[in-house]
Amino acid sequence: NISTKSYLRHVESMRILPSGAGRIPELKAVILGESLASEENDLVFPSDDFCNQALVSSPEKYLEMYKRSIEDPAGFWSDIASEFYWEKKWGQQVYSENLDVTKGTINIEWFKGGITNICYNCLDANIKSGSGDKIALYWEGNEPDVDGSLTYKQLLERVCQLANFLKDKGVKKGDTVIIYLPMIMELPITMLACARIGAIHSVVFAGYSAESLHQRVVDCKPKIVITCNAVMRGKKIIDLKNIVDAALLESSQNGISVDLCLTFENESAMKKEDTKWQKGRDIWWQDVVPTYPTTCDVEWVDAEDPLFLLYTSGSTGKPKGVLHTTGGYMIYTATTFKYAFDYKDSDIYWCTADCGWITGHSYVTYGPLLNGATVVLYEGVPNYPDSGRCWEIVDKYKVTIFYTAPTLVRSLMRDGNEYVTRYSRKSLRVLGSVGEPINPSAWRWFYNVVGDSRCPISDTWWQTETGGFMITPLPGAWPQKPGSATFPFFGVQPVIVDEKGNEIDGECSGYLCVKSSWPGAFRTLYGDHERYETTYFKAFPGYYFSGDGCSRDKDGYHWLTGRVDDVINVSGHRIGTAEVESALVSHPQCAEAAVVGVEHEVKGQGIYAFVTLVEGVPYSEDLRKSLVLVVRNQIGAFAAPDRIHWAPSLPKTRSGKIMRRILRKIASRQLDELGDISTLADPSVVDQLISLADS
Ligand code: ATP
Ligand code: MG
């Protein structure tokens, strides 16, 4: 680790920060001697070796770039955009925006008039610059001995064949295509083929029920649905084609019929002859796609033409159809990928997210491929055949950048270190986390055990709506604090506002908003611009409101405290869910925790905690007490849970996020008001929890 002395050198130069640099994060505070001394234990420094090779190697380098990105966004982003291929350059105005509902309709545009194609930039452009024979995708099947790979050239050929098929079937620019595929190479291939011909893809996570798929079909009326017959997840076989059939039947009964269903035969899971088939509508991928030519002209599109729509994961209510356009999204995902993971040409990158989520769009497919990266795709689940699978994959492909979610970190932590230390993991150099706040104890385990205290962790805060990272460490640029997403990415101005919408400065806590647009911002909710304006721009006029709570510490570090709808108000203290959960999870016998507020006669609200214990630990009254004590000691008596509810597991979205709105109903015994549980990964968890309610 770098010495305090060499860090202070960084700090010295920070002092030359121009005052009045506006809302530029107060990195300089980190550096003040006293704060360093008092918090030395909380700061995790990147090593000198890491800093020496990092793209952004010091706070001052970051500040220089950040400052320019805020003071001259047009110049900053057009310099970056110029490194990409544009058939025609954008118009005079790099961007235009209105984020203020009181001034008219919300409108965000970047690089309007610029003509480009994101598939071209991902594939053709990299091949032209000499990366044609580099591996674009490694694919690891559910079974450890099933795998494959495609070079950039091979990937382009596959994409072109499918693009030609789609064109032949009449799919045109602006048409929507639903993709319901598991993590096989055909998934990114299909996304790229749509992008190549200007069709709008809508990936639906292949694990969603027929009902959820049907809703999305009705919402976006696709020309075609692309799926595969089945997939193995661990030992479980999932008959995807059956689900699609049921969804399409229901849709046609509701007046939306889909005439074409292209089905890939995923041989290792199910044979053709066992697959249910609807003649006239269904076509086998393998029968037709390979017969098409391996080259296909691109459809040049405007930067503001839609690229895809994607539904949010539904943690807080009915999923929203987020629409992203082409140019700004392209520049933003490429740039955030590059800097937040300190990407180098030699990296092998693995993100465990499914392409059914935004993370799989921006950081499995587009961001990495735009950078010419080698990406690992994994079809299966992280604990099959056992909990060491992730590290087996890391060693097998020599993965250097590993990006995952706190839920996975917590579950592997619960399974014990032996599964990790059995593998070398020497190739790893950067780790990443996304999806929920990462509890400091999970952060430390990830850092110390998985990363051997060598790899910075990029705890990336962002949303489906933001397209790319908003607040994230840049590895090597500054010391980290376990559990903090640290500082904003270039071009992003996060502000914390109070109830009345006033920006608050310095050490504070409140509602996380963003002032002014960034290239990757979503442009609307599909077919419902009004819901877009009401959900995100009405609460605090002039700002994009994220829906998340955040606090900033005296050093300027950002800490996400959870959804503001989940904030608990105990006797006037506003308590974020993340803080209490992190305290509980720091107890060695607690694997996972979720807290919600329940009505309380005296305090207004009381804290109700659902707790999952480490494998094999029995429930006991003593343990209950010691869990409450941990919270008392770490936060204060006011935050002590009133109730601990043992939870063998927690209700989560399919992307692994805890669904607190359901827990709230269970806690207050409003069992007939559970709401939409269709996006839950395992709905049976709910019954299990209800049955344990009074134990
Ligand atoms: P819905 O909007 O339908 O409720 P969702 O918000 O879960 O679904 P996503 O867009 O996938 O859908 O998730 C974004 C949210 O995830 C953020 O608003 C935030 O609450 C949480 N989140 C993501 N990354 C982080 C992170 N690094 N730290 C803290 N929270 C995070
Ligand atoms: Mg959300």
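The values are calculated or read from the model by the stated rules, or taken from the named source; none is laboratory data. Just so you know, these numbers come straight off a predicted model, no measurement behind them. Cβ placement follows ideal geometry from the backbone for every residue including glycine, while neighbour counts extend to all protein chains displayed. Heads up: the accessible areas ignore ligands, DNA and RNA and are worked out on the full protein's heavy atoms, side chains in. Shrake-Rupley method; radii C 1.70, N 1.55, O 1.52, S 1.80 Å.
Exactly one residue out of A637, A681, A693 is modelled with pLDDT of 90 or more and not β-branched (V, I, T), and it is A637.
Restricting K500, K481 to those that are touching a residue at least 12 places away in the same chain (Cβ under 8 Å) and either basic (K, R) or closer than 23 Å to A539 by Cβ (or both) reduces the list to K481.
In summary, strands (runs of 3 or more DSSP E) completely within region 587-695 and bearing 1 or more residues that are farther than 21 Å from N439 by Cβ occur at 590-600, 604-613.
Residues that are within 16 Å of ligand 2 (Cβ to nearest atom) and assigned to a strand (DSSP E or B) within region 303-337 comprise L309, L310, Y311, G321, V322, L323, H324, listed in sequence order.
Of the residues making up region 630-669, those that are within 16 Å of ligand 2 (Cβ to nearest atom), closer than 19 Å to I575 by Cα and among the small types (G, A, S) number 0. Given the residues V580, V564, which is the only one that is buried (at least 18 other Cβ atoms within 10 Å of the Cβ) and touching a helix residue (DSSP H, G or I) at 6+ places or on another chain (Cβ under 9 Å)? Checking each option against the conditions leaves just V580. Among the residues of region 290-302, some residue qualifies, meaning at least one is in a helix (DSSP H, G or I) and away from ligand 2 (no atom under 16 Å from the Cβ).
Conditions (1) closer than 24 Å to Y95 by Cβ; (2) within 11 Å of ligand 1 (Cβ to nearest atom); (3) without any contact (Cβ under 8 Å) to a residue 24 or more places away in the chain; (4) not polar (S, T, N, Q), marked per residue:
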| site | (1), (2), (3), (4) |
| --- | --- |
| K320 | yes, yes, no, yes |
| Y329 | yes, no, no, yes |
| F337 | yes, no, no, yes |
| Y349 | no, no, no, yes |
| H361 | yes, yes, no, yes |
| P368 | no, no, no, yes |
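In region 74-162, counting only strands (runs of 3 or more DSSP E) that sit wholly within it, the ones holding 2 or more residues that are touching a residue at least 12 places away in the same chain (Cβ under 8 Å), open to solvent by less than 60 Å² (accessible area, probe 1.4 Å) and closer than 22 Å to A353 by Cβ span 135-140, 147-151. Residue count for region 313-326 under the criterion of being surrounded by fewer than 22 Cβ atoms within 10 Å (Cβ to Cβ) and β-branched (V, I, T): the result is 1.
Criterion applied to D287, D302 was being more than 20 Å from the chain's Cα centre (by Cα), within 25 Å of D528 (Cα to Cα) and open to solvent by 10 Å² or more (accessible area, probe 1.4 Å), and the one residue passing it is D302.
For the condition touching a residue at least 12 places away in the same chain (Cβ under 8 Å), open to solvent by less than 50 Å² (accessible area, probe 1.4 Å) and within 15 Å of ligand 1 (Cβ to nearest atom), G542 does not qualify.
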